[in-house]
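Just below is one structure, and these are the notes that go with it.
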Amino acid sequence: MESGNEGLTASMKTFCERWEWGVRALVQQGNRFAFDVGLSAGVMHEQDQYIQGSFKVLTNSAMGNPYASEQEIIDKDWGGVLSDNVYTQVRDADYSDESFDRARENSKEAWKGAVRDVNSSDILLSNQIIDAAGLRDEVDAAVDDWVGPAPQPQPSGGER
């Protein structure tokens, strides 16, 4: 650098050297501060995520889906966690006639299956007596008359 006056040039040179060292020290100080804050921010973020996940699981256990895993709940946003509860499940349920007809048929089939299971249970003394007396075919026929024949297994694969 050159200026018209030798004293001004020397003063400017001294000022620039000091400025350079001051800026260098400030940059190093800033980098050290950013590094320290970055580590703290990362740890703080991880801790916040853990606490938030814990509260999501707690909220779900109080009012949400009891069959969901912890990871499924943690992966949901708060809107998803809060929207899956008893109130919304009742509010959003399918109340159509077709839904009630399906439920009625499923209930009938479940009761028929329960009757067949009781009839074929070897644990019950009455079934052991029926088998010992040789009356199994007659009792099975009576159960089939009462609840209908047992469903036939569907062929597996492409056979029909």
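Values for this structure:
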read-out: Count - residues of region 132-145 that are within 21 Å of Lys112 (Cα to Cα) and either in contact (Cβ under 8 Å) with a residue 24 or more places away in the chain or open to solvent by 70 Å² or more (accessible area, probe 1.4 Å) (or both); value: 5
read-out: Test: residue in region 151-159 that is assigned to a helix (DSSP H, G or I) and either open to solvent by less than 100 Å² (accessible area, probe 1.4 Å) or not hydrophobic (A, V, I, L, M, F, W, C) (or both); value: no
read-out: Hits in region 116-131 (condition: surrounded by 11 or more Cβ atoms within 10 Å (Cβ to Cβ) and either β-branched (Val, Ile, Thr) or touching a residue at least 60 places away in the same chain (Cβ under 8 Å) (or both)); value: Val118, Ile130
read-out: Meets criteria (more than 30 Å from Met63 (Cβ to Cβ) and in a helix (DSSP H, G or I)) for Asp122; value: no
read-out: Check on Asp101, of a type in the set (D, E, K, R), in a helix (DSSP H, G or I), exposed (fewer than 10 other Cβ atoms within 10 Å of the Cβ) and under 40 Å from the mean Cα position of the chain (by Cα); value: no
read-out: Residue in region 105-112 that is in contact (Cβ under 8 Å) with a residue 24 or more places away in the chain and aromatic (Phe, Trp, Tyr) present; value: yes
read-out: Matching helices (runs of 4 or more DSSP H) fully within region 32-91 where at least 1 residues are open to solvent by less than 70 Å² (accessible area, probe 1.4 Å) and of a type in the set (A, V, I, L, M, F, W, C); value: 70-75, 78-83
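The values are calculated or read from the model by the stated rules, or taken from the named source; none is laboratory data. Predicted model, so just to flag it, every value in this text is computed and none were measured. Please note: Cβ atoms are built from the backbone with ideal geometry, for glycine as well, and neighbour counts cover all protein chains shown. Surface accessibility is based on the protein's heavy atoms, side chains included, excluding ligands, DNA and RNA. Shrake-Rupley method; radii C 1.70, N 1.55, O 1.52, S 1.80 Å.
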